[in-house]
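The values are calculated or read from the model by the stated rules, or taken from the named source; none is laboratory data. As the structure is a prediction and not an experimental result, all values here were calculated from the model. Every residue, glycine as well, gets a Cβ built from its backbone with ideal geometry; the counts of neighbours run over all protein chains shown. Calculation scope for accessible area: heavy atoms of the full protein, side chains included, ligands and nucleic acids excluded. Shrake-Rupley method; radii C 1.70, N 1.55, O 1.52, S 1.80 Å.
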Amino acid sequence: MPGKQPTRGRSTSGAGETVRMLLDKAGPTYASASHITLKDTPTPLFQLLTLSLLLSTRISSEIAVSAARELFRARLRSPRAMREADRRTVISALGRGNYVRYDESTATRLHAAAVRVDEEYGGDLRRLASACDHATSAAVRLLTEFDGIGPVGADIFLREVQDVWSWVRPYFDTRARESARDLGLPDDPHALYDLAPPGRVAELAAALVRVSLDSQLRDEVRG
């Protein structure tokens, strides 16, 4: 895919080294960290929606990832499983992941999300992609119709899914672009896409977000 030429940032060689440091020190994707093997199939797409919802609250990403792992370990990986699960099962899994401050409200939202995926999309979020006619602005609108997923949660979902849904690429949200600029990289999504190794665009976007949240990690990447 041809990209736009960077209008700011380091030289090509310097930018390439920064990207290598980012991927080495600030990877992987949040989906991968949550033990989601992301594919364009119903179960991992629902798992990603679950993770995006968990990451949308005012709680650390580490706790959100831990809670997602516990939910999946409890076999709550599909809309049907989440919808049919006993409420205490969901809350207990969140608790094991230390996701305790918002456990009750999040359990309610996870159930509602499962119901919506089932009833609106036949249990398959690939139908959401079709419903938005592969337009990211429409995808944001549809994702934010889920209770608990606002613009930030929609950004998370699209940022993470872009190596699977190629029509989303390149998706670098405001936080990722600001982080790139802070590191001396171009802040144009197409230029960042050009710097990413094949199949690792989502990983680069996630790494940029991580360093924006962790000053020590940012200093390590800067060297």
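Considering only residues that are surrounded by 19 or more Cβ atoms within 10 Å (Cβ to Cβ) and over 14 Å from the mean Cα position of the chain (by Cα), which ones fall in region 13-36? Listed by number, the residues that qualify are ALA15, THR18, VAL19, LEU22, ALA26.
Taken over region 174-191, the criterion of being open to solvent by 10 Å² or more (accessible area, probe 1.4 Å) and not small (Gly, Ala, Ser) is satisfied by THR174, ARG175, ARG177, GLU178, ARG181, ASP182, ASP187, ASP188, PRO189, HIS190. The residues of region 161-200 that are among the hydrophobic types (A, V, I, L, M, F, W, C), over 19 Å from VAL140 (Cα atoms) and assigned to a helix (DSSP H, G or I), listed by number, are ALA180, ALA191, LEU192, LEU195. The set of residues from region 152-186 being more than 12 Å from the chain's Cα centre (by Cα) and not hydrophobic (A, V, I, L, M, F, W, C) comprises SER166, ARG169, PRO170, THR174, ARG175, ARG177, GLU178, SER179, ARG181, ASP182, GLY184, PRO186.
Conditions tested, residue by residue: (1) of a type outside the set (A, V, I, L, M, F, W, C); (2) surrounded by 15 or more Cβ atoms within 10 Å (Cβ to Cβ); (3) in contact with a strand residue (DSSP E or B) (Cβ under 8 Å, 6 or more places away or on another chain); (4) at pLDDT 95 or above.
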site	(1), (2), (3), (4)
PRO2	yes, no, no, no
SER11	yes, no, no, no
LEU38	no, yes, no, yes
PRO42	yes, yes, no, yes
ILE59	no, yes, no, no
VAL65	no, yes, no, yes
GLU84	yes, no, no, yes
ARG87	yes, no, no, yes
VAL90	no, yes, no, yes
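Residues in region 132-157 that are within 15 Å of TYR121 (Cβ to Cβ) and charged (D, E, K, R): ASP133, ARG141, GLU145.
A Cβ distance below 8 Å, combined with a sequence gap of six or more or placement on separate chains, defines the contacts here; from region 67-83, residues that are β-branched (Val, Ile, Thr) reach no residue that is modelled with pLDDT of 95 or more and open to solvent by less than 90 Å² (accessible area, probe 1.4 Å).
A search for C-beta distances below 7 Å between a residue of region 118-132 that is assigned by the TED database to the domain that holds GLU84 and any residue that is outside any helix (DSSP H, G or I), counting only pairs 6+ apart in sequence or on different chains, returns ARG126/ASP40; ALA129/TRP165.
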